[in-house]
Amino acid sequence: MALSCSLATAHPRVIQGLVDAVNRAPINMAPINLLVSVGVMACKIITPTPGMSYFHLVVSDVATPDCERDVEQTFRDEGLAMWRSAVIEIRHMSRPNRFFYGSTESTLYVIHPEVTR
């Protein structure tokens, strides 16, 4: 999977603090779909807590090189060109994802812009 990446290199306490903040933050509005394509989906989650907006990126095994280019452009447009350095959580799902026809697995990346600051 070309879009795979690893956790941010920040101190583990920083990453865990952001994961905890994300898990505690109330979500009272629908995520904003930034990109939905044949093999990836990116959305922005905005919470009422100041500074608590973050992103979900779902990458399926049917993602294409075009999907990767679209993801890179989407995050550049959001001011997060170094999005791979801001991954705070990774969840792999070993089953088909109903949003991606023909997929057998997918990975969720939780991306928080504060980790790179």
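The values are calculated or read from the model by the stated rules, or taken from the named source; none is laboratory data. Note that the coordinates shown come from a computational prediction; the quantities given were computed from them, not determined experimentally. No Cβ is skipped: glycine too gets one built from the backbone with ideal geometry, and neighbour counts run over all protein chains shown. Just the protein is used for accessible areas: all its heavy atoms, side chains included, with ligands, DNA and RNA removed. Shrake-Rupley method; radii C 1.70, N 1.55, O 1.52, S 1.80 Å.
Average accessible surface for the chain: 57 Å² per residue, computed with a 1.4 Å probe over protein heavy atoms with every protein chain in place.
Simple spin-label estimate for Ser4 and Ile27 gives 2.5 nm between the two label positions (7 Å along the Cα-to-Cβ direction from each Cα). Applying a DSSP loop filter and a limit of 12 other Cβ atoms within 10 Å to the chymotrypsin sites (Phe, Trp or Tyr not before Pro) in region 23-117 leaves Tyr101.
Residues whose amide H lies under 5 Å from that of Ser53, counting only those 5 or more places away or on a different chain, are Thr47; hydrogens are built 1.01 Å from N in the peptide plane. Each of Gln73 and Phe99 was given a label point 7 Å from its Cα along the Cα-to-Cβ line. The distance between the two points is 1.9 nm.
Considering only Ser103, Pro48, Val71, and ranking their Cα positions along the charge dipole of the chain that arises from unit charges at the beta-carbon of Lys, Arg, Asp and Glu, the one farthest toward the positive end is Pro48. Here the accessible area of the chain is 54 percent carbon and sulfur, with a 1.4 angstrom probe and all protein chains present. Our coupling estimate for region 8-18, obtained by passing each phi through the Karplus curve with A = 6.51, B = -1.76, C = 1.60 and θ = phi - 60°, is 4, 8, 5, 4, x, 5, 5, 4, 5, x, 5 Hz, Gly and Pro reported as x.
Under a 5 Å amide H cut-off, with hydrogens placed 1.01 Å from N, Leu35 pairs with Ala42 among residues at least 5 apart or on other chains. Amide H contacts of Glu89: Val110, each under 5 Å away and 5 or more positions distant or on a separate chain (H built 1.01 Å from N in the peptide plane; Pro and chain starts excluded).
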